[in-house]
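These notes are about the structure you will find just below.
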Amino acid sequence: MKLKGTNKNPKRIGLMGGTFNPIHIGHLVTAEEAFFQFNLDEIIFVPSGKPPHKTDRDIASAEDRYLMAVIATASNPHFTVSRIEIDRVGPSYTVDTLREMKRIYGVDTELFFITGADAIIEILTWKDPEIIADLCQFIAATRPGYSLRKFEELHLVGNRKLPKVHFMEIPALAISSTDIRLRVKEGRPVKYLVPEGVDQYLKKRGLYKEHE
Ligand code: NAP
């Protein structure tokens, strides 16, 4: 097992990328499991400002999603939340975030971009996938029973350089942001699916209700 960041060993940072619309317990379990399994020094949640691939009207403001991420992660000493994509003007391209993180934390820092496997499968449609491959490794969170066939097929697409992807099965990802938004819309409870503070914030701001 590699040692955590010391003078001799580069720092290992997990970047938890997602829209977090809203953040839920499945995301928190994913981040904690990656911290443990990959011997990371810290996890930085990076809520997308303007997701490049989404025009969904059902998306809460970047500021609301950022604040819910802060509330959800506040009690964990190795979790923080970055405003890097929230404050960026224009689409939230991952390649720009990775470059900025290398600039802030040093070129030797090892970056692990953690996100859902369904998002990573689209990597060839992202901006500059070959550059991304040089900047980070991916940790793909999957629900139990997720088929890796699509990832095997990805390697058959020409001879393009692809990022290294590690898979991590997370049973708690049976929880999804889509289901939470639907539950709120229908007046059903989300207690215990999101942290208590996030439940309160959703109510206070009236997010995802029918009139939104
Ligand atoms: P998405 O398509 O909304 O999500 C795909 C699946 O992954 C959903 O089931 C989602 O569940 C899950 N998921 C998303 N983030 C997760 C996380 N951190 N941990 C565990 N599961 C997660 O994906 P997205 O949130 O919009 O995008 C994911 C990341 O990829 C973001 O950081 C985004 O900026 C990046 N991305 C970059 C580009 C680009 O650079 N061009 C293009 C696409 C995506 P929930 O809905 O429950 O979260």
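The values are calculated or read from the model by the stated rules, or taken from the named source; none is laboratory data. As the structure is a prediction and not an experimental result, all values here were calculated from the model. Virtual Cβ from ideal backbone geometry, glycine too; neighbours counted across all protein chains shown. Calculation scope for accessible area: heavy atoms of the full protein, side chains included, ligands and nucleic acids excluded. Shrake-Rupley method; radii C 1.70, N 1.55, O 1.52, S 1.80 Å.
Structure values in brief
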| read-out | value |
| --- | --- |
| All helices (runs of 4 or more DSSP H) inside the stretch 10-129 with 1 or more residues being farther than 23 Å from Ile170 by Cα and among the small types (Gly, Ala, Ser) | 62-73 |
| Hey, Arg160 open to solvent by 90 Å² or more (accessible area, probe 1.4 Å), out of contact with any Ser or Thr (no Cβ under 9 Å at 6 or more places or on another chain) and without any contact (Cβ under 8 Å) to a residue 24 or more places away in the chain or not | no |
| Close pairs (7 angstrom Cβ cut-off, 6 or more residues apart or separate chains): under 13 Å from Arg12 (Cβ atoms) in the stretch 95-110, more than 12 Å from the ligand (Cβ to nearest atom) and at pLDDT below 95 anywhere | Asp108/Pro10; Thr109/Pro10; Glu110/Pro10 |
| Residue in the stretch 60-75 that is within 15 Å of the ligand (Cβ to nearest atom), without any contact (Cβ under 8 Å) to a residue 40 or more places away in the chain and open to solvent by 70 Å² or more (accessible area, probe 1.4 Å) present | no |
| Criterion (part of a helix (DSSP H, G or I), open to solvent by less than 70 Å² (accessible area, probe 1.4 Å) and among the hydroxyl-bearing types (Ser, Thr, Tyr)) met by exactly one of Tyr201, Tyr146 | Tyr201 |
| Whichever residue in the stretch 79-116 is more than 7 Å from the ligand (Cβ to nearest atom) and among the small types (Gly, Ala, Ser) and, among such residues, is surrounded by the most Cβ atoms within 10 Å (Cβ to Cβ) | Ser82 |
